[in-house]
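Report on the structure given below.
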Amino acid sequence: MSLVIGAGLFIGGRWAYERRRREELLNAPLQPAHKKIVRARVPVYNRLPLDLRKRLDGLINRFIDEVKFHGQEGLEITDDIRVTIAAQACLLIVNKENRWFKSLKTVFVYPAAFKSKLQKVDGHVHSERAAVRTGESWARGPVILAWDHAAYGAFAPHDGENVVIHEFAHQLDEQTGVTDGSPLLDTDQSASQWARVFRQAFAQLRDDLSAGRETFLNPYGATNPAEFFAVATETFFEQPHDLQAYNRDLYDQLSRYYRLDPADWF
Ligand SMILES: [Zn+2]
């Protein structure tokens, strides 16, 4: 009996310790060296309102504390890599209280575009580019990124392409248990409105492509609704004004989902 009570106290104590540590990380400013990296490598950071910037600092602290990074093909993981990836990933949840990449434990980083070893299990993995890939997101598993693309995506914040934002949109989508472009909505957002707007926008992109019309959204979004959500998210953060002009309803749904208005940042 005393052994059981002892074990319970130990687990309770450890849980309290971890919670306290997490709170401290979330409330702490970025270390000066990390701040320097974010400012130089993730320019969108400099445009964020101060309250969001503070919150992002805390989330980056938590991310690099809890998520393990593994370099592939001889890539040495540095603070540059950790902080640049963490900053972009955490931008997605910067204003979504209590939302976290719960099942994510590991990020694998290749120096450049990589040949996936996982092609035979495509039913369970969302990956970019058929043969050579820049990123993958596994349901209840790791994110895999090409560092050169992750760095460039951050540094060029207005070209509408960002592999880190893309893969972490999949991570959010996967939290419902099904990766289908319908992420978990807060109770104040209508699921039927979301479904209508996304269904129409997805159909529009596919129609434009089959008619040979030039598309504003990356044609890769026409692959399936999950890819459409990830591509629309990249555009939302990188080309908010253009997305508003292209499809105001789509922008508004994403704005309500992320609880952010990037059009105000630029
Ligand atoms: Zn994808």
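The values are calculated or read from the model by the stated rules, or taken from the named source; none is laboratory data. Here the structure is a predicted model, which is why all the values come from computation and not from measurement. A quick note on method: Cβ atoms are made from the backbone with ideal geometry, for glycine too, and the neighbour counts reach across all protein chains shown. Ligands, DNA and RNA are excluded from the accessible area calculation, which covers all protein heavy atoms including side chains. Shrake-Rupley method; radii C 1.70, N 1.55, O 1.52, S 1.80 Å.
Taken one residue at a time, the phi angles of the range 191-206 give Karplus couplings (6.51, -1.76, 1.60, θ = phi - 60°) of 5, 6, 5, 4, 4, 5, 5, 5, 4, 5, 5, 5, 4, 4, 4, 5 Hz. Gly and Pro are set to x. In the chain, the longest principal axis of the Cα atoms and the axis of helix 50-66 are about 60 degrees apart. When only Cα pairs below 8 angstrom with a gap of at least 6 residues are kept, the range 128-232 shows a relative contact order of 21 percent.
Quick check: with the 1.4 Å probe, what order do Thr235, Thr106 take by accessible area, largest first? Show your work: numbers first, answer last.
Working: Thr235 5, Thr106 30 Å².
Putting Thr235, Thr106 in descending order of accessible area: Thr106, Thr235.
Pairs of Cα atoms under 8 Å, at least six residues apart: use those to get the relative contact order of the chain, whole percent.
On the way: 360 pairs, mean separation 39.6, N = 266.
Averaging sequence separation for qualifying contacts and normalising by length gives 15 percent for the chain.
Spin-label model, Asp180 to Ala211: label points 7 Å out along the Cα-to-beta-carbon direction sit 2.8 nm apart.
Of the residues Ala191, Ala211, Ala203, the one that moves most in a GNM of the chain with alpha-carbon contacts below 10 Å is Ala211. Residue separation of Asp242 and Asp159 scaled by 0.36 nm, minus their Cα-Cα distance, works out to 28.8 nm of gained length.
About its Cα centre, the dipole of the range 21-264 is roughly 560 debye, where the only charges are +1 on Lys and Arg Cβ and -1 on Asp and Glu Cβ.
Take each peptide in 63-73, 148-158, count the other Cβ atoms within 10 Å of every residue, and average; sorted highest first, the result is 148-158, 63-73.
Of all the options Leu172, Leu75, Leu250, the one that moves most in a Gaussian network model of the chain with Cα springs shorter than 10 angstrom is Leu75.
Is it possible to state the helix-based mean residue ellipticity at 222 nm for the chain, with each DSSP H run of 4+ residues giving -39500 (n - 2.57), the sum divided by total residues, to the nearest 500 deg cm²/dmol? What is it? Numbers along the way, then the final one.
Values: 11 runs with 142 residues, N = 266.
Using -39500 (n - 2.57) per qualifying helix, the result is -17000 deg cm²/dmol.
Counting only protein heavy atoms and a 1.4 Å probe, the chain has 50 square angstrom of accessible area per residue. Solvent exposure of Val178, expressed as accessible area, is near 80 Å², computed with a probe of 1.4 Å over the protein chains only. On the principal axes of its alpha carbon atoms, the range 21-264 extends 50, 40, 31 Å, with the longest extent given first. Distances between placed amide hydrogens fall under 5 Å for Thr106 paired with Lys68, Val143, all partners being 5 or more residues away or on another chain.
The H on the amide N of Arg133, modeled in the peptide plane, is under 5 Å from the matching H of Phe114, Lys115, Ser116, each at least 5 residues off or on a different chain.
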